[in-house]
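Peer 1: Quick one: the structure is below, questions incoming.
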Amino acid sequence: MSTIAAVSTPNAPGGIAVIRISGKDALDVADRIFKPAGNRRVQDMEGYTCAYGIAYDNGERIDDCILTVFREPHSYTGENIAEISCHGGLYVTKRILRTALKNGAVNAEAGEFTKRAYLNGKLDLTQAEAVMDIISAKGERELKMAENLREGVAFKKAKSCSDKLMKILGDLAAWADYPEEDIPEVKPENLCDGLEEVQKELFSLIENYDCGRILREGISTAIVGRPNVGKSTLFNCLSGCERSIVTDIAGTTRDVVEESVRLGDITLRLADTAGIRETDDVIEEIGVDIAEKLIDSSELVIAVFDGNCPLTEDDLNLIKRLNNKKCIAVINKSDLGICTDIAEIQKYIQQIVYLSAKENDGIERLQSAVELIFEMNENSFSSAVASNERQKQCIDSALMYIESAVSALKNGEFLDAVNVLIDEAEQSLLSLTGEKITDAVVDEVFSRFCVGK
Ligand code: GDP
């Protein structure tokens, strides 16, 4: 395998940048471009040690740097690694990388360091994916979920389920092959119990999937209401200091550009808010159609009402449209006193939040309402494991085969048929951990990484 190199820090000026070189010849390459102080050679350095020195390009000094050595197999990739920390200027960093490339390394592809870690058995595929989750985590809870996955929660559980399935398959095979020998008869009830136990364990990996997904991807949200109820004020209030104007959400079906705001640990992706904020009247000016589309296409609707005046015709029309939607009615302007008909709103919308956008009062209540609607609580966060569609599909597929095996057993079908179904479930688990998977899937997983990771 070639020796690869890439800049592992962001492509922007900074205090320090790191160039990572990994492969059989990593220390050779490092020796050609870096001279440790004290007339030493990188080759002679022990693993987990670092040296101060100068990076050179063909004898010409580039920068003073620190080089850290990791020796195989005790490194991230499982190969020899040299990491050069230089001053974080864009030119300096690129120049050191280019010099490494001239001296025997080749450019690393996106995610190639982590891919090698996976190929060398340092990580299973779910742990490799967790590395990407750690990098993209936006808050405490998201990071915790990613850390759990990185520590192997999914991997260990998949392994334990896989072992149980193998044992069941083994019992079945022994019994089918040597029925005359003294092997206890395989009882369908016992098989069912074993399979149901596996089913339970696997289900726990996906039961809070949506909760985790929401934390990672955010909730597409529409803020709607007639003019002057305080939509813009609420938007500004939510934007606060944590406003990110453009969010590029990778891994969704389309890369959408939206405005997003943070509500505690939750991101609300406010689709087409420019439209709402520029027009005074969503319902009349941009037309019922667009308002409806916006409502339909959003996972959450925040319907804003002016708490200080009675409901108008427009309010009533809006309320009726929101039936069956995940929706929060914000009764705004609570600082002025409430005289609107709350009971009428409650007929259609369960979650009511009193709030004063102007006084920035009640945002925590809005956050609690969102958490309630999406069933997000500490327990669901801490037990959300599967972190992407690929993982979920593998587990869903294993569960489906096990369920079919259980009903085949209950219907008294041939054990051969049961055998095939259990084997399929086992295959799905091997895909989950990446133990048995096509190159195309592996490439697809790592293509979502950035270069240098
Ligand atoms: P929009 O048309 O729905 O976007 O409403 P705006 O956000 O432009 O607000 C309309 C008016 O209501 C502005 O004068 C705001 O200052 C005022 N307003 C908004 N929220 C509140 C609030 O919570 N309390 C009070 N007293 N006034 C508010």
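No lab work stands behind these numbers, since they all come straight from the coordinates. These figures come from a predicted structure and were not determined experimentally. We place every Cβ from the backbone using ideal geometry, glycine too, and count neighbours over all the protein chains shown.
Peer 1: Going down the list LYS159/LYS187; LYS138/LYS231; LYS24/LYS94; LYS156/LYS453; LYS144/LYS325; LYS157/LYS436, which pairs span over 28 Å between their C-alpha atoms? Let's see the in-between values first.
Peer 2: Details: LYS159/LYS187 24 Å; LYS138/LYS231 26 Å; LYS24/LYS94 22 Å; LYS156/LYS453 24 Å; LYS144/LYS325 30 Å; LYS157/LYS436 17 Å.
Correct reply: LYS144/LYS325.
Peer 1: Per DSSP H run of at least 4 residues, take -39500 (n - 2.57); add these up for the chain, divide by its residues and hand me the 222 nm value, nearest 500 deg cm²/dmol.
Peer 2: Details: 19 runs with 215 residues, N = 453.
After summing the helix terms and dividing by residue count, I get -14500 deg cm²/dmol.
Peer 1: Looking only at the chain, where both bridge partners belong to it, what percent of the DSSP beta bridges are antiparallel (to the nearest 5)?
Peer 2: Working: 38 of 57 bridges.
So the antiparallel bridges in the chain amount to around 65 percent.
Peer 1: By the gyration tensor of its Cα atoms, with a ≥ b ≥ c the square roots of the eigenvalues, what is the shape of segment 4-108: rounded for a/c under 1.5, prolate for a/b over b/c, or oblate? Present the calculation step by step, with values, prior to reporting the outcome.
Peer 2: Working: a/c = 1.45, a/b = 1.20, b/c = 1.20.
Here segment 4-108 falls in the rounded category.
Peer 1: To continue, here is another question. Report the label-to-label distance for LYS410 and TYR91 in nanometres (one decimal), using points 7 Å from each Cα along the Cα→Cβ vector.
Peer 2: If labels sit at LYS410 and TYR91, their model points lie 7.3 nm apart.
Peer 1: In the chain, with Lys and Arg counted as +1 and Asp and Glu as -1 at Cβ, which of these residues, ILE54, CYS237, ILE437, has the Cα nearest the positive end of the dipole, that is, farthest along it?
Peer 2: It is ILE54.
Peer 1: With r defined as the distance between the Cβ atoms of GLU375 and TYR56 and R0 fixed at 41 Å, what FRET efficiency is calculated, to the nearest 0.05?
Peer 2: On the way: r = 59 Å, r/R0 = 1.43.
My answer for the efficiency is 0.10.
Peer 1: Of all DSSP beta bridges located in segment 303-453, what percent are antiparallel, nearest 5?
Peer 2: On the way: 1 of 9 bridges.
That works out to approximately 10 percent antiparallel.
Peer 1: Which value, in debye to the nearest 20, describes the size of the charge dipole of the chain about its Cα centre when Lys and Arg Cβ atoms bear +1, Asp and Glu Cβ atoms bear -1, and nothing else is charged?
Peer 2: Working: 50 positive and 77 negative charges, 413 e Å.
With Lys and Arg at +1 and Asp and Glu at -1, about 1980 debye.
Peer 1: Fewest Cβ neighbours within 10 Å first, please rank LYS410, LYS333 accordingly.
Peer 2: Numbers: LYS410 11, LYS333 25.
Least crowded to most crowded, the residues run LYS410, LYS333.
Peer 1: On full extension of the chain, what length is gained from HIS74 through MET1, given 0.36 nm per residue of separation minus the C-alpha to C-alpha distance?
Peer 2: Values: separation 73, 0.36 × 73 = 26.28 nm, distance 1.76 nm.
Working it through step by step, the gained length comes to 24.5 nm.
Peer 1: Can you put MET1, MET166, MET45 in order, fewest other beta carbons within 10 Å first? Please report the intermediate quantities before stating the final value.
Peer 2: On the way: MET1 11, MET166 14, MET45 20.
Least crowded to most crowded, the residues run MET1, MET166, MET45.
Peer 1: What nm value, rounded to one decimal, do you get for the distance between ASN324 and GLU444 when each label is placed 7 Å out toward the C-beta?
Peer 2: For ASN324 paired with GLU444, the spin-label model returns 3.3 nm.
Peer 1: Next up: Compute the Cα gyration tensor for segment 310-453, then decide on rounded, prolate or oblate, letting a ≥ b ≥ c be the square roots of its eigenvalues: rounded whenever a/c is under 1.5, prolate when a/b is larger than b/c in the other cases, and oblate in all that remain.
Peer 2: On the way: a/c = 3.76, a/b = 2.13, b/c = 1.77.
Verdict is prolate for segment 310-453.
Peer 1: Compute the FRET efficiency between ASN190 and ASP396 as 1/(1 + (r/R0)^6), taking r as their Cβ-Cβ distance and R0 = 30 Å, and round to the nearest 0.05. Spell out each step's value before the answer.
Peer 2: Working: r = 26 Å, r/R0 = 0.85.
Efficiency for this residue pair is about 0.70.
Peer 1: For the chain, what does the alpha-carbon gyration tensor say about shape, rounded, prolate or oblate, given a ≥ b ≥ c as the root eigenvalues, a/c under 1.5 as rounded, and a/b over b/c as prolate?
Peer 2: Numbers: a/c = 3.05, a/b = 1.21, b/c = 2.53.
Taking the square roots of the gyration eigenvalues as a ≥ b ≥ c, the chain is oblate.
Peer 1: While we're looking at this one, here's another question. Can you sort THR438, THR221 so the residue with the fewest Cβ neighbours within 10 Å comes first? List each step's numbers first, then the result.
Peer 2: Values: THR438 9, THR221 27.
Listed from fewest to most nearby Cβ atoms, that is THR438, THR221.
Peer 1: Of the beta bridges DSSP finds with both residues in segment 4-108, what % are antiparallel, to the nearest 5? Walk me through the numbers before you get to the answer.
Peer 2: Working: 28 of 30 bridges.
Bridges in segment 4-108 are about 95 percent antiparallel.
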